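First up is the structure itself, then whatever we jot down about it.
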Amino acid sequence: MLLQFGQAGFGLSLPLLLGRTAAAAPAAKAKSCILLFLSGGPSQYETFDPKPDAPLEYRGTFGPIRTNVSGIDVCEHLPLLARQAHRFALVRSVTHTDGGHPSGCYWMITGRRYPRAPVRAASMSREDDPHFGSVLAQVRPADTPAVPSFVTLPEQMNPVGPVRAGQHAGFLGAAYDPMVVNGDPNAPGFTPGELRLLDGISEGRLHRRRALLAQANLRARLEEEAGARPDLQPHYAQAFDLLTSGQAGRAFDLGLETPATRDRYGRHIFGQSTLMARRLVEAGVRLVAVNWVRHDDGPGGQGWDTHSTHLPWCKDELLPPTDRAVSALLADLDERGMLDETLVVVMGEFGRTPKFNANGGRDHWPDVFSVLLAGGGIRGGQVYGASTPDGAYPAADPVTPGDLAATLYHCLGVRPETEIVDRLNRPFPIADGQPLLRLL
């Protein structure tokens, strides 16, 4: 496993990337958020909004299954989640207008439409709007100094090469970038990684290094006075605290879980990443982003971007691990008394087309799709909004990415109108939508 903070390795950049403000957070139901991102764009029909009465060319061959809440059905290949509908809410009327993967993803994970030519969203920039986790790292950082506020795993989304826009702090600066865990928690050789002291380096030796770095901090303070960069000294202190406390290392160590718990989440990269997310929020991380791994010519294949063989791919590769991991997470959080204080979000960048294409696939469709919300003050056992009978457009209560962003911040006790400033010192509200208060 490789651990990174933003785009830098675990080195002298770590303290900078751990920098954060001292902004106080208002009281909130949720203390943390787990964002499960189904990269590629999951079909609304084959997940949370089946349309059994639509023509075959729309509904496909999968049928609905009743959940444990009367009136709510989901796809038949989500049987474990069907038993937990009392714990989650479904938003069936999410909509936007961007059918491109990079820019559509950007909209969903920042709450803002990509402001430049969509092709530029294929890679990150310091002009980008910040990810939800980066905003929280600034306005409501982790309560525990020995853990980061924002972690991404098992990798940042990069299915065709560069890491796509919207996955770091953007104009907020590197101090609010995520810690990025690049590795498969299900792999036999997976370890907590470089958060442990390297062999041969004792705490005493580390503290001696800390003393030497005090001299380097003098230069940092001088540069601060010149406006070149922030003072690194408090962030070096936090980096050393991370290494010597061991708390973060334990949070990443799935070997501390029982085999039964690991089996419950599923012995695959998505299941074990989801389990790690639970451990991280338990340790105090504010937001953990778990990305579904997909690479067009590598691990994960097409992921949820099912332009061909849609139904067999969903049945065999996508729905079983999603069903197992998400259902295990909701039950596990509830059993530990953590669900009320942990907001769980399951979403992708858009949905899939109403009709199948010539290759048996569904193409990109941002016009309407579904998102699952649970915990953190969200009342389970309900559906918000509706799509048309053919599943193609919102029929009631359309929800924008900005509304979802506002809801996430609201659940975490941050007012959506809270302002952040870009590199030109221009103020921006953190969300331009309205929270979905009927869900609470």
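The values are calculated or read from the model by the stated rules, or taken from the named source; none is laboratory data. These figures come from a predicted structure and were not determined experimentally. Heads up, the Cβs are rebuilt from the backbone with ideal geometry, glycines too, and the neighbour counts pull from every protein chain shown. For the accessible areas, the whole protein counts, side chains as well, though only heavy atoms, and no ligand, DNA or RNA atoms are used. Shrake-Rupley method; radii C 1.70, N 1.55, O 1.52, S 1.80 Å.
Looking across segment 250-263, the residues that are part of a helix (DSSP H, G or I) and surrounded by fewer than 20 Cβ atoms within 10 Å (Cβ to Cβ) come down to Arg250, Leu254, Gly255, Leu256, Pro259, Ala260, Thr261, Arg262, Asp263. Before we move on, is Asp129 surrounded by 24 or more Cβ atoms within 10 Å (Cβ to Cβ), in a loop (DSSP other than H, G, I, E, B) and on the phi < 0 side of the Ramachandran plot? Judged against the criteria, Asp129 is a match. If you go through segment 73-126 and keep only what is in a helix (DSSP H, G or I) and open to solvent by 30 Å² or more (accessible area, probe 1.4 Å), you end up with Pro79, Leu80, His86, Arg87, Trp107, Pro118, Val119, Arg120, Ala122. In segment 270-280, is there at least one residue being open to solvent by 20 Å² or more (accessible area, probe 1.4 Å), modelled with pLDDT of 95 or more, of a type outside the set (Val, Ile, Thr) and part of a loop (DSSP other than H, G, I, E, B)? No, there is no match, as no residue in segment 270-280 is open to solvent by 20 Å² or more (accessible area, probe 1.4 Å), modelled with pLDDT of 95 or more, of a type outside the set (Val, Ile, Thr) and part of a loop (DSSP other than H, G, I, E, B).
Here Asn68 meets the list (1) closer than 19 Å to Ile378 by Cβ; (2) of a type outside the set (Asp, Glu); (3) free of Cβ contacts under 8 Å to residues at least 24 places away in the same chain; (4) not in a loop (DSSP other than H, G, I, E, B) almost entirely, failing just condition (4).
Name every residue in segment 407-421 that is open to solvent by less than 40 Å² (accessible area, probe 1.4 Å), out of contact with any Lys or Arg (no Cβ under 6 Å at 6 or more places or on another chain), touching a residue at least 24 places away in the same chain (Cβ under 8 Å) and part of a loop (DSSP other than H, G, I, E, B), in order of residue number. Of everything in segment 407-421, those that are open to solvent by less than 40 Å² (accessible area, probe 1.4 Å), out of contact with any Lys or Arg (no Cβ under 6 Å at 6 or more places or on another chain), touching a residue at least 24 places away in the same chain (Cβ under 8 Å) and part of a loop (DSSP other than H, G, I, E, B) turn out to be Leu412, Gly413, Thr418.
In this structure, is Gly249 at pLDDT below 85 and touching an Asp or Glu at 6+ places or on another chain (Cβ under 8 Å)? Can you show your working first?
Working: at pLDDT below 85: yes; touching an Asp or Glu at 6+ places or on another chain (Cβ under 8 Å): no.
Against the criterion (at pLDDT below 85 and touching an Asp or Glu at 6+ places or on another chain (Cβ under 8 Å)), Gly249 does not qualify.
Looking only at segment 422-433, residues that are in contact with a strand residue (DSSP E or B) (Cβ under 9 Å, 6 or more places away or on another chain) and surrounded by 20 or more Cβ atoms within 10 Å (Cβ to Cβ) come to 1 in all.
Checking each residue in segment 301-329 for being without any contact (Cβ under 8 Å) to a residue 60 or more places away in the chain and either under 21 Å from the mean Cα position of the chain (by Cα) or part of a helix (DSSP H, G or I) (or both) picks out Gly301, Pro312, Trp313, Asp316, Glu317, Pro321.
When segment 385-399 is filtered for residues that are assigned to a strand (DSSP E or B) and either modelled with pLDDT under 95 or crowded, with 21+ Cβ neighbours inside 10 Å (or both), the ones remaining, listed by number, are Ser387, Val399.
Taking Ala358 as the residue in question, decide whether it is open to solvent by 20 Å² or more (accessible area, probe 1.4 Å) and either assigned to a loop (DSSP other than H, G, I, E, B) or in contact (Cβ under 8 Å) with a residue 24 or more places away in the chain (or both). Taking the combined requirement at face value, the residue satisfies it. For the structure I just gave you, tell me whether Val293 is crowded, with 16+ Cβ neighbours inside 10 Å, modelled with pLDDT of 95 or more, in contact with a Phe, Trp or Tyr (Cβ under 9 Å, 6 or more places away or on another chain) and in a loop (DSSP other than H, G, I, E, B). Answer is no for this residue.
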